[in-house]
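Report on the following structure.
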Amino acid sequence: MSTRTYYDPLHQAISLNSSLPEEKMVMELIDSSPFQRLRRIKQLGPAYLTFHGAESSRFTHSIGVFHIARRAINHLSEIDSRLKDHKFILYGAALLHDIGHGPLSHTSEEIFKINHEKWTSKLISSYQEIAMILNRYGKCNAKAISDLIQSREAPQKSIVSLISSQLDCDRLDYLMRDSYTTGAKYGQLDIDRIISAMILAPDGNLAIHPKGLMAVEHYLVIRNLMYRSVYNHRLNEVCNWLLEQIIKTARKLGPKKVWADQTMSAWLWNHEKMSLEDFLSNDDVVTGYHINKWQCSNSDNLSKLCKRFINRNLLKALNISAFSLEIRLEALAKARILSEKYLIEPDISCGLREQIVKSYHPYKYGLRLWDGENLQALEEVSPLVERLIEPNQSSWLIYPKEIERELRIEIENLKAEHN
């Protein structure tokens, strides 16, 4: 028997015991090369350029998600002991749910146009090192976990909810962790209350006991605040836009004009047919190295974009969310004209970043309250949650600082014209 402990800033000591087969499996998965790769992928992508403490990795987050899943299943097993039989599936899915992330986490989905859940599912089912470990502890574990990640299919509905729902273990960990690393104070969840309030509805799916309603409301409000203050922060949007332009420009120039090693070549120009090995070979280190090298590119546009990102010489951004689409597009056109006036290439200095976020989605694995007699949708009981269903749209106009004074005047004129 052996034990292993990971000391986590949020969860304190996370201990594993090899005498328990399901935890021995977790230890082996953590030691696998695809999971160790997560050490080299930042949890919040380029947000470290805005929040200097945001250096945490997907590795740390994934162990945190496993820890919360273990706490949740141990609690729910006291209600239904049959859930103990599903620990292998739950632990594997919780730990491995992010191995399909590309460089800079969610940013890679935008800039490289990949789907991290599809890659996660593919790696779990097809990458030999992972599949062999999983299937050693259950003949079809790899397929079952792959199906759970991609198709939300599992014999027990509550297992699905713990992995993907409006209150899954992933969200619980990342809200607390991202709040901690960015220095925001919003993410101080009452995790003990939330887990203790988890209960099984008559249909076997996860529900919340009414005693946990306020803790869950608090969690949903925190999620709303974190999107507004961190994930959709003005400078974070600028950094993501810059990275998107860098990759778009490199792709357009093509392999004859842009240097890239075998891994990056596959990601840039063969991403739809990329091998598992090429996928796993890319991480923040590899992508960062290429961006650094491209500062010396013969392409003036690519060079300037990379220098902006590497040296944190960021563009400006103005919140124009309150304007109509027509005014937003006119504002972008004005920014492009002004940039050309100052001999600044508008294609690499002007843009719109638009996001629509729902703090709560009632129909996508929505939450329910169950008091032993009545089963009710959360939004039917809580006016606060009902308000959180309304989508929040953010729209940022990105532009070079040289045109700021004139651009603001132009936008005020646009507002006056349309009033």
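On the given criteria, is residue 178 among the acidic types (Asp, Glu), more than 26 Å from residue 22 (Cβ to Cβ) and modelled with pLDDT under 95?
Criteria not met by residue 178.
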| Out of segment 270-326, which residues are in a loop (DSSP other than H, G, I, E, B), under 18 Å from residue 240 (Cβ atoms) and without any contact (Cβ under 8 Å) to a residue 60 or more places away in the chain? | 311, 313
| Got at least one residue in segment 75-91 being in contact with a Lys or Arg (Cβ under 6 Å, 6 or more places away or on another chain), more than 30 Å from residue 315 (Cβ to Cβ) and buried (at least 18 other Cβ atoms within 10 Å of the Cβ)? | no
| message | Here are the criteria: (1) over 17 Å from the mean Cα position of the chain (by Cα); (2) surrounded by fewer than 21 Cβ atoms within 10 Å (Cβ to Cβ); (3) not in a helix (DSSP H, G or I). Tell me which single one residue 16 does not satisfy. | response | (2)
| query | Across segment 153-181, what is the total count of residues that are open to solvent by less than 20 Å² (accessible area, probe 1.4 Å), in contact with a helix residue (DSSP H, G or I) (Cβ under 7 Å, 6 or more places away or on another chain) and polar (S, T, N, Q)? | reply | 2
| message | Let me spell it out: the conditions are (1) among the hydroxyl-bearing types (Ser, Thr, Tyr); (2) touching a residue at least 40 places away in the same chain (Cβ under 8 Å); (3) out of contact with any strand residue (DSSP E or B) (no Cβ under 6 Å at 6 or more places or on another chain), and residue 6 meets all of them except one. Which number is the exception? | response | (3)
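Quick check on segment 182-191: of everything there that is within 21 Å of residue 94 (Cβ to Cβ) and of a type in the set (A, V, I, L, M), which residue is surrounded by the most Cβ atoms within 10 Å (Cβ to Cβ)?
Per the criteria, the residue is 189.
Does residue 150 satisfy the criteria of being touching a Ser or Thr at 6+ places or on another chain (Cβ under 8 Å), outside any helix (DSSP H, G or I), at pLDDT below 95 and open to solvent by 50 Å² or more (accessible area, probe 1.4 Å)?
no
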| request: Could you please let me know if residue 118 is among the basic types (Lys, Arg), modelled with pLDDT of 95 or more and touching a Gly at 6+ places or on another chain (Cβ under 9 Å)? | output: yes
| note | Here the qualifying pairs (Cβ atoms under 7 Å; residues six or more apart or on different chains; first in segment 371-389 and surrounded by fewer than 16 Cβ atoms within 10 Å (Cβ to Cβ); second aromatic (Phe, Trp, Tyr) and not in a loop (DSSP other than H, G, I, E, B)) come out as none
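The values are calculated or read from the model by the stated rules, or taken from the named source; none is laboratory data. Quantities reported herein were computed from a predicted structural model and do not represent experimental measurements. Quick reminder, even Gly has a Cβ in these numbers, built from the backbone with ideal geometry, and neighbours come from all protein chains shown. For the accessible areas, the whole protein counts, side chains as well, though only heavy atoms, and no ligand, DNA or RNA atoms are used. Shrake-Rupley method; radii C 1.70, N 1.55, O 1.52, S 1.80 Å.
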